[in-house]
Structure formats: C-alpha cells, structure tokens
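**Q** The structure follows.
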Amino acid sequence: MSIRLRLALQFGSILAVTLLLFALAIYFATQQSRRMLFTQTLFKRTLVVGHAYVAGQEDHSDAGEEAAYRRYLRQLYRTLPDEEGRVYDAANRLVFREGQGAAKPVPTAWLADVRRTGRDVLEPETNYHETVGLLYHDARLGPLVVVASSVDEDSRQQLGQLRQLLAIGLLAALAVMGAGSWIFAGQALRPLRRMVQEVDGITATDLSQRLTLADGSTDEIGRLAQRFNRLLDRLEAAFAGQRTFVRDASHELRTPLTALIGELEVALLQAERPPAEYRRVLQSTLDSSRQLNELTNGLLQIARASDDPSQVPMADVRLDELLLQAHEQLLRRHPTCRVDLNFGENDDAGSFTMRGNEALLLSAMLNILDNACKFSASAGGTVAATLTRSRRHLRLLVTDEGPGLSAADLQQVFVPFFRATTARAVPGHGIGLPLAARIMALHGGTVRVESELGRGTQVWLEWPVKA
C-alpha cells in the first residue's frame, strides 16, 4: 500500500469517525429532547383529564362530564394520536376513562408510587408510546390519580427524517473527504516523489548531485532534503578520501616493492658474485622490506583509528607513563636524538589519567616524537616534549628545531602521504600526522600544528578532561 493511499485512508477514517460520532450525538440529543417534551405534554394532558373529571362530577351527569372534558380538550393545540385518559379514586378504582380500544390494567403498586411522589412514568417511551400518572387533588373528591398515554407520532416522523438526513449527509461527507484526502495527500507527497526521482539519478560514480530545496522550505520534508544533502557531502568527501588514499597507498607500496624486485632481478643476472655483493643486495632488500613493513603497519593503524569508537577497547591510561614509553622506543630508533621531557608542576600521580586505548595513544605520541627527531636531527637541534594539565584539557606540546613548514604545506599536513617540500630528503611516508589526528579524534581530542620556515615546528595534542 502506498503512503498516499495510507494517508488518505487514515485521514478519511479519522474524519468519518468524527462525523459519525457527531451525527450520533445530534440524533440522541434530539431524541432525548423530544422524549422530555412529549413527557411534559402528557403530564399537561393529565391535568386536562383531571379538570374534566372534576367538572363533570360537579354537573352530576355523564353528558356534562363529557362536555366538560371536550371543553378542556379544545383548549389544547390538538388531540394526540391514540390518546387515552383515566382517573382512579382513592380506592384505586377506575372512575373515568376516555379513549379508544380496550383498557390496559394499571399496576396497583405504580398507583401507590404516584400517590407518594406526586407524578411518575409507567412506561418510558417504547416504540414512541408512553404512559404517565399525576396525583390530582380535589377538596370534595380527595386525591385522584390521573393517567394519560399516547403515541408520539411527530417524533417518529421527525426522527426518521433526521436519520435519513444524517445518513445522506454522512455518505456525502465521506465521498468528499475521500476525494479531498487523496488530492491533499498527493500534494503533500509531491516533494517526496521529486526527491525519489532525483535520488535515482545519484550513483556512486557521480556524488556531486544534490536534492533540490524549495525556497523557504522549513517543513519536515525540507529538513529531510537538507540532511540528505549533508549525507551526500560526507559520502562524497569519504569517497574522494578513499580514492586518494588508495591511489597514494598504492604508489607508496609500489616503491619498496619495485626496489625489492629490481635488486633481486639484478642479483640473479650473474651466476657468480662476490660475497660482498650478495651482502649488499641482502641489506638493500632488508631495508626495502622494513620500509614496506613500516608502511603496512601505518596503513593498518590508520584503518584501526578510523573504526567506530564503541568498538575500540578503552581503559584508564596514564599519559605520563605512555610518554616515557614513547621516549624509550624513540631512543632505540634515534639513539643520537636529544629529547627533553617536562611534566609540568603537577604532583598528583593520577593527574594525567584518562580513558583511552593505550596502544593507539602510544602510537600517536611516538609518531609526533619520531617526526620531531627526524627533522631536528638534520639540523642538529633538540626536541622538547611538555605534558601539562589544566582545568579543561590534558596537553602534550612537542617542539623541534627543524627546518619548519611553509604556510601552503601547513594546510596539508593532515592529508595522508603528503610530504612537505622541506621533508622530501627525510625518510618517511607522510602518514604520521594523519594517523595521530585520527587517533586523537577517536579519543575526542585534537591535533594542532604551528610552524614557520627556519623556526621549527610545534605540535599540540589536546584531550578534554571529563569531570
């Protein structure tokens, strides 16, 4: 079932139920009102019958009794259909009756109720017929019970016409509501149909297209289009980054593999070579293999740092201890590099504790320190690493005395495999800073780099402190 049909049916059903309840309320309210009016009319008839009976008794003749009854009856608007009037004396004997047909006996207990309460209804209106009783007081004849009954033909006809009118009106309203619901649902879903057509034209090879936004569209469909366009922006950026990453990774992987293959092919060209030549070939292939291994490990770490944070195991980690571990591993890589460590003025042993993944945080620190050592070694400078804590942040500042970066290169230092102009002569693959940035983002932190040509580079790693 389409959304348009479902909306039309739901909207039509709600209105249909509402109109049906409204029609039933009108009908039953009208029915109750007419019942009360008819009951009051019958009680007025009992007064007429009582007056007629008492006046007839004063004339002491049957002819006078009937004439008096007719005289009082003419005072009313008209005679009711199947009207019947009776009078019962103090001994509950029927002393007067006016009407057609056989007299239906009245229960004695009900007559006693009428004498006690003053008025009562014997038969609530059933099939528009009703019987009421009234206590009529006369000084000479004593308390009399006057009974009147009739059929409410006016209500029968008018309620029948009302039922017919309500039924026809309800059917007509349902037809109009059905057509209107279908039209309005179609108009409401028109932007969605346009969005579906535009989405069908968006493919993985062309993510530059965007959904059309109506002018001033602030409804739910407009916000949906805006969110979808933002999703396309992220997907386009992710696809572009993936293509760039695959292209650059393929290029970087191809370099050591080409060197390995070339050295081995050259070694196999001659049947016999001196041992020194074989040693040189083996050393060259070993260096290329190590370079390939470092590059592969870096790519795996980038992929791991891009995982869902909820899937990365976290524990309490002390950044000061990680910095000492990174310093120890760094000295094994660069024995001649001088690194000065500074832990600020915090005396609390747990002041540098945070939630994180120890292996990833160690990799981020080691990459930053490794870059600083490589660039400072060429200039004979010193690397300084300062770990501090403020009220809101944990901060690691790594400063080197290398050649620095230009403003143009500084804008691209977080692009994987990017090598600055001043770094072309230094061994590396251009994945240290991008990897550190992703690891920091995984932990809710940031990486900031400042540098000038000839004045070294400063790198800040900052983590938020959670209360």
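The values are calculated or read from the model by the stated rules, or taken from the named source; none is laboratory data. Please read all numbers here as calculations on a predicted model, not as lab measurements. Here the Cβ positions follow ideal geometry from the backbone for every residue, glycine too, while neighbour counts run over all protein chains shown.
**Q** Which numbered condition trips up Arg93, out of (1) modelled with pLDDT of 75 or more; (2) under 52 Å from the mean Cα position of the chain (by Cα)?
**A** Exception for Arg93: condition (2).
**Q** Quick check on Leu253: is it of a type in the set (A, V, I, L, M, F, W, C), at pLDDT 75 or above and either in the same structural domain as Leu435 (by TED's automatic domain parsing) or part of a helix (DSSP H, G or I) (or both)?
**A** No, not satisfied.
**Q** Is it fair to say Thr131 is among the polar types (S, T, N, Q), more than 60 Å from the chain's Cα centre (by Cα) and surrounded by fewer than 18 Cβ atoms within 10 Å (Cβ to Cβ)?
**A** Answer is no for this residue.
**Q** Now, a different point. Within the range 397-410, is even one residue under 39 Å from the mean Cα position of the chain (by Cα), buried (at least 20 other Cβ atoms within 10 Å of the Cβ) and either of a type outside the set (Ser, Thr, Tyr) or modelled with pLDDT of 80 or more (or both)?
**A** No, the range 397-410 has no match at all.
**Q** If I filter the range 134-148 down to residues being part of a loop (DSSP other than H, G, I, E, B) and loosely packed, with under 12 Cβ neighbours inside 10 Å, which single residue comes out as modelled with the lowest pLDDT?
**A** My answer is Ala139.
**Q** Taking the criterion of being surrounded by fewer than 23 Cβ atoms within 10 Å (Cβ to Cβ) and modelled with pLDDT of 80 or more, would at least one residue in the range 413-434 satisfy it?
**A** Yes: one or more hits.
**Q** Give the residues of the range 19-60 that are touching a strand residue (DSSP E or B) at 6+ places or on another chain (Cβ under 9 Å) and either of a type in the set (Phe, Trp, Tyr) or not in a helix (DSSP H, G or I) (or both), sorted by residue number.
**A** Residues satisfying the conditions are Phe38, Phe43, Tyr53.
**Q** So, in the range 150-165, exactly how many residues are outside any helix (DSSP H, G or I) and either among the acidic types (Asp, Glu) or closer than 18 Å to Ala23 by Cα (or both)?
**A** 1
**Q** Counting only residues that are at pLDDT below 75 and part of a helix (DSSP H, G or I), how many does the range 264-276 have?
**A** Total satisfying the criteria: 2.
**Q** Suppose we keep only residues that are surrounded by fewer than 17 Cβ atoms within 10 Å (Cβ to Cβ) and not in a loop (DSSP other than H, G, I, E, B) within the range 328-352. Which one would you say is modelled with the lowest pLDDT?
**A** Taking the candidates together, the pick is Arg333.
**Q** Among all residue pairs at least 6 apart or on different chains, which show Cβ distances below 9 Å where the first residue, located in the range 209-228, is modelled with pLDDT of 70 or more and the second is among the aromatic types (Phe, Trp, Tyr) and in a helix (DSSP H, G or I)?
**A** Arg210/Phe228; Leu211/Phe228
**Q** Residue check: is Gly101 surrounded by fewer than 17 Cβ atoms within 10 Å (Cβ to Cβ), in contact with a helix residue (DSSP H, G or I) (Cβ under 9 Å, 6 or more places away or on another chain) and either at pLDDT below 75 or not in a loop (DSSP other than H, G, I, E, B) (or both)?
**A** Answer is no for this residue.
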